[in-house]
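What follows is a set of notes on a single structure, which appears directly below.
The values are calculated or read from the model by the stated rules, or taken from the named source; none is laboratory data. Remember, predicted model here, so these are calculated numbers, not experimental data. In this analysis, Cβ positions are derived from the backbone assuming ideal geometry, glycine residues included, and neighbour counts consider all displayed protein chains.
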Amino acid sequence: MKKAKTVRCGIIGYGGAFTMGKAHSNWINAVPGMQAVAVCDIDPARTDAARQDFPDISTFNCNEDMIARDDIDLCVLITPHNTHAPLAIQCLKAGKHVITEKPMCITVDEATAMIEAAKASGVMLSVFHNRRHDGDFLAIKEVIQKGVIGEVFHIEANGSGYGHPGKWWRADKDISGGALYDWGAHFVYWILNLIPEKMESVTGFFHKRVWMDITNEDHTQAIIRFQNGAYADLQISSIACAPKPRWRILGTKGGILDEGGGKFKVFTEVAGYPAQLEVPYKPTDWQAYYNNIGDHLLRGKKLEVPPEDARRVITVIETAEKSAKSGKAEPVPFE
């Protein structure tokens, strides 16, 4: 891949939810040698908003018009989940680098097609797994890497509560992929980084019991078994009345319990004596994702979120649903 001198970026999708179009543009513009130069959205009101936020930016209401421009090097996709694969492949075939919002796509076949399109064009493909830079995850990962709790063999992760998920595309299974694709994608990515082993199988449990006016599942669970015998149990639910810690992690020499509040408990031993520590979260730094993109494209450094890593997330989610339907653990198709 030829190193660029300046990376000119086009944003596809400037929807109002979470103001992510503006956020991505600001993160891009904060990196020396990168600049957000264009925005595309099918809603003219949103491109009007983009011009108010960035008066010098070019705007489009048709993807093809923006992708055809020679003065755009990288396209950032901030669109519904089911559009990621077709839009990414369109951009990649046009010779653009691509960043998609998470999740990467809906199916493993889509992820593979995206990876192959990037390789064929000799361009970068990455997924905005910005929460690899969340302060709680960074602190937990550091404690584990320092060996404080020994070798991790069991992880419980939880993103649950009780409440209606909302009536929009994130609650529509045909568009979102299902309940496990939103926050679940973050958790799966975290888990796969905390247990850096090859996966063996995934067991899934999917429930539809309460919120019948939407099509996403109410409760999802994925149990990942790794080849070294370690396993992780992830639950994402909108019908969980009883609380559960966000993280409960067991290692051969201790454990971690994170119930929120800016710090977590570490159980370990010091000089043979049992000890309990409180570890504060580290600062969260989502800008670091784009700093790495700039370092990769402009200075040849290693890409921190390669597409193969993001495909592993989709593999877990897709295999969990397959298992929920078959009623048995399903092997991971490839690693």
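Summary table below
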quantity: Checklist (1) among the polar types (S, T, N, Q); (2) part of a loop (DSSP other than H, G, I, E, B); (3) within 21 Å of the chain's Cα centre (by Cα) applied to GLN221, failing item; calculated: (2)
quantity: Any chance ILE99 is of a type in the set (A, V, I, L, M, F, W, C) and part of a loop (DSSP other than H, G, I, E, B); calculated: no
quantity: Condition broken by TRP169, with the remaining ones in (1) touching a Pro at 6+ places or on another chain (Cβ under 9 Å); (2) surrounded by fewer than 19 Cβ atoms within 10 Å (Cβ to Cβ); (3) within 29 Å of VAL266 (Cα to Cα) satisfied; calculated: (3)
quantity: Any hit, segment 39-49, residues being within 20 Å of MET124 (Cβ to Cβ) and either out of contact with any Lys or Arg (no Cβ under 7 Å at 6 or more places or on another chain) or surrounded by fewer than 17 Cβ atoms within 10 Å (Cβ to Cβ) (or both); calculated: yes
quantity: Test for VAL202: is it surrounded by 23 or more Cβ atoms within 10 Å (Cβ to Cβ) and in contact with an Asp or Glu (Cβ under 7 Å, 6 or more places away or on another chain); calculated: yes
quantity: Residue match in segment 155-166 (condition: surrounded by 15 or more Cβ atoms within 10 Å (Cβ to Cβ), farther than 29 Å from VAL279 by Cα and assigned by TED's automatic domain parsing to the domain that holds PHE267); calculated: yes
quantity: Selection within segment 54-92 - more than 25 Å from the chain's Cα centre (by Cα) and not in a loop (DSSP other than H, G, I, E, B); calculated: SER58, THR59, PHE60, GLU64, ASP65, MET66
quantity: Extreme residue, nearest to VAL188 (Cα to Cα), among residues of segment 256-311 that are among the acidic types (Asp, Glu) and in contact with a helix residue (DSSP H, G or I) (Cβ under 6 Å, 6 or more places away or on another chain); calculated: GLU304
quantity: Criterion: assigned by TED's automatic domain parsing to the domain that holds TRP190, touching a Gly at 6+ places or on another chain (Cβ under 8 Å) and touching a residue at least 40 places away in the same chain (Cβ under 8 Å) - qualifying residue of VAL143, VAL152; calculated: VAL152
